[in-house]
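Contents: one structure, followed by commentary.
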Ligand SMILES: [Zn+2]
């Protein structure tokens, strides 16, 4: 039951990569910017800590893959994991169950789909590899994208030349290209779960985020307001949240956040959004943030002195 679109799409790509050994295949996927790991016939990692053990260490890779006896036997299959902090991710289009090809066709209607590294899976699905300007998180079962998973940080993808119950995986070589904006848009949907609380510090500034950020067009979810990041923007229009009861903000794209003073520092370009983590504001950036908070939001210098006296680590 091959989707007619699959064949025509595949033919337009460069020729299939043929591997002489699983070890050679591992080298190929490393060159493409992934970590690799062994999985079994069922596609389950055969490492002690699952996909967390994926590696680019030459000795480890030799131990895993160089003794694989005959290519195509189901003894060792191969999977990849995006390197940490890389923007590598894959769009996984399935045609079993919900037909992801229908979703993909609707999603790409009237848009340019750049040619990129493409893999045909054992069950007639596709893996399309892309590069994003930020770490993309794994996202599966999104009701807005039936049959399509986003495979980023936090998961793994089975790779050619693995062989499983329904057949082999095939890869068609091409450079991995930058994901277009319309595709990035579906990779930064906020996780409705609470962001980690590690960014929270007692706020000493007396500033209140809803007085500093216009939330009028934001979507409300409990005590959180979700909308586009006011400083670096958003592809999806919902990569940023402000929790008005805790007086903290969170960026879903950068995985960063903080309180009012960190927000001043990001909004004024004193630190980058990615750097908005505990301890980021200190020394000169602390004084810059204090000065900007004074100019823009009326932070009193008595408050600044208080913050300073209570310790800059409580930024
Ligand atoms: Zn950000």
Subject >> At R0 = 35 Å, FRET efficiency that the Cβ-Cβ distance of residue 108 and residue 231 yields, to 0.05 >> reply: 0.70
Subject >> Degrees between helix 301-310 axis and first principal axis of the chain (Cα, 0 to 90, nearest 10) >> reply: 60 degrees
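Report the FRET efficiency, 1/(1 + (r/R0)^6), for residue 96 and residue 48, where r is their Cβ-Cβ distance and R0 is 30 Å, rounded to 0.05.
The value I calculate is 0.50.
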Original post:
For the chain, modelled as a Gaussian network with Cα springs under 10 Å, which listed residue fluctuates most, 28, 156, 169?
Top reply: 28
Original post:
Among 265, 293, 20, whose mean-square fluctuation peaks in a Gaussian network model of the chain (Cα, cutoff 10 Å)?
Top reply: 20
Subject >> Rg to Rh quotient for region 197-314, alpha carbon positions, Kirkwood Rh >> reply: 0.94
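What do you get when you divide the Cα radius of gyration of region 115-274 by 2.2 N^0.38 Å, with N the number of residues?
Ratio of Cα Rg to 2.2 N^0.38 Å: 1.26.
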**OP:** May I ask you to compute the full-extension gain from residue 144 to residue 287, defined as 0.36 nm times their residue separation minus their alpha-carbon distance, rounded to one decimal in nm?
**Re:** 47.0 nm
Subject >> Proxy reagent accessibility, fewest Cβ within 10 Å first, across 135, 55, 221, 129 >> reply: 221, 55, 135, 129
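Would you mind computing the Rg to Rh ratio of the chain from its alpha-carbon coordinates, Kirkwood style for Rh?
Ratio of gyration radius to Kirkwood radius for the chain: 1.07.
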**OP:** Just grab the label-to-label distance for residue 174 and residue 31, each label 7 Å out from Cα along the Cβ direction, in nm (one decimal).
**Re:** 1.8 nm
Original post:
Relative to the first principal axis of the alpha-carbon coordinates of the chain, what is the inclination of helix 22-31, with its axis defined by its Cα atoms, in degrees from 0 to 90 and to the nearest 10?
Top reply: 30 degrees
**OP:** Specify the angular offset, from 0 to 90 degrees and rounded to the nearest 10, of the alpha carbon long axis of helix 284-297 from the longest principal axis of the alpha carbons in the chain.
**Re:** 70 degrees
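Each reported figure results from applying straightforward, stated rules to the coordinates on display, with no laboratory input. Since the structure is predicted, the reported quantities are computational estimates derived from the model, not experimental observations. All Cβ positions, glycine included, derive from the backbone under ideal geometry; neighbour counts span all protein chains shown.
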